[in-house]
Amino acid sequence: MSSLPDTQQDQPAYRVERSSVHGNGVFAQRDIAPGERIIEYAGREITWDEAQIRAEVQGGPHNHTFFFSLANGNVIDGGDHGNEARFINHSCEPNCEAIEEEDSRIFIYALHDIKQDEELSYSYPLIYEGRHTPAIKKAFACRCGALNCTGTMLAPKPRKRKAKPEAALFADAVPALAAVQNPPPAAPG
Ligand SMILES: [Zn+2]
């Protein structure tokens, strides 16, 4: 999927590098203004059923699957023709938000001033339909470091699949999660 110019300013707004929160993260390459559109959450739009199949093929939600739910019931698979946005981490105190716009496209906006080198983050519940076993809870523990951190990235299980999850069925490799160290200063996604 092609991407729009991410910013009206000259310099790229973001870069990807290792995050102390979780695996890779996306960081501000320069100061970002409140409300600035930073990046599109790119990827192929697929049905929820297809997403489930893809997750299974990849060995379950522990593997690299980055599904972002859309209002129409489909999901964006950030692992299929996606871009750097899939590396934005969750935070319980985010500095960005994801907004679905026309044509089922999702864009990441700055919630407030973001300083250069700050990690970008947004808040999204991870929809995991399997049993929330202790291992799963551990794998998806939140280490965002925010004062109000809930300690988990998992959304409460929806009663029905049609209940349209607000955001994502997302997952990352367990080794990456296990490698996560101590809480960072503050982060995203
Ligand atoms: Zn947290």
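The values are calculated or read from the model by the stated rules, or taken from the named source; none is laboratory data. Given the structure is predicted, the values throughout are model-derived calculations rather than measurements. In this analysis, Cβ positions are derived from the backbone assuming ideal geometry, glycine residues included, and neighbour counts consider all displayed protein chains.
Can you name the residue in the stretch 112-129 that is of a type in the set (A, V, I, L, M, F, W, C) and part of a strand (DSSP E or B) and, of all such residues, is surrounded by the most Cβ atoms within 10 Å (Cβ to Cβ)? Break it down into steps so the answer makes sense when it comes.
Taking the stretch 112-129 first, the residues of a type in the set (A, V, I, L, M, F, W, C) are 114, 120, 126-127.
Next, only the ones that are part of a strand (DSSP E or B) stay: 114, 126.
Values: 114: 25, 126: 21.
The selected residue is 114.
Condition check ((1) in contact with a His (Cβ under 9 Å, 6 or more places away or on another chain); (2) modelled with pLDDT under 85) across all residues:
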position	(1), (2)
3	no, yes
14	no, no
26	no, no
30	no, no
34	yes, no
38	no, no
44	yes, no
51	no, no
56	no, yes
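Taking the condition of being assigned to a strand (DSSP E or B), in contact (Cβ under 8 Å) with a residue 24 or more places away in the chain and over 20 Å from residue 21 (Cα atoms), how many residues in the stretch 74-106 meet it? Give the derivation first.
Of the residues in the stretch 74-106, the ones assigned to a strand (DSSP E or B) are 75-77, 89-90, 96-101, 105-106.
Filter again for in contact (Cβ under 8 Å) with a residue 24 or more places away in the chain, leaving 75-77, 89-90, 96-98, 100, 105-106.
Narrowing further to those that are over 20 Å from residue 21 (Cα atoms): 75-77, 100, 105-106.
Total meeting the criteria: 6.
Test residue 143 against the criterion of being basic (Lys, Arg), under 22 Å from residue 25 (Cβ atoms) and either at pLDDT 95 or above or not in a loop (DSSP other than H, G, I, E, B) (or both), and give yes or no.
Values: basic (Lys, Arg): yes; under 22 Å from residue 25 (Cβ atoms): yes; either at pLDDT 95 or above or not in a loop (DSSP other than H, G, I, E, B) (or both): no.
Criteria not met by residue 143.
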Residue satisfying all of: in the stretch 69-82; polar (S, T, N, Q) and crowded, with 18+ Cβ neighbours inside 10 Å; modelled with the lowest pLDDT among these: 69
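Out of 86, 30, 54, 37, report the one residue that is out of contact with any Asp or Glu (no Cβ under 6 Å at 6 or more places or on another chain), closer than 27 Å to residue 151 by Cα and of a type in the set (Lys, Arg).
Values: 30 fails: closer than 27 Å to residue 151 by Cα; 54 fails: closer than 27 Å to residue 151 by Cα; 37 fails: closer than 27 Å to residue 151 by Cα.
Within the list 86, 30, 54, 37, the selection yields 86.
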Boolean, residue 33 is crowded, with 17+ Cβ neighbours inside 10 Å, more than 15 Å from the chain's Cα centre (by Cα) and touching a residue at least 60 places away in the same chain (Cβ under 8 Å): no
Test: residue 109 is away from the ligand (no atom under 11 Å from the Cβ), modelled with pLDDT of 95 or more and outside any helix (DSSP H, G or I): yes
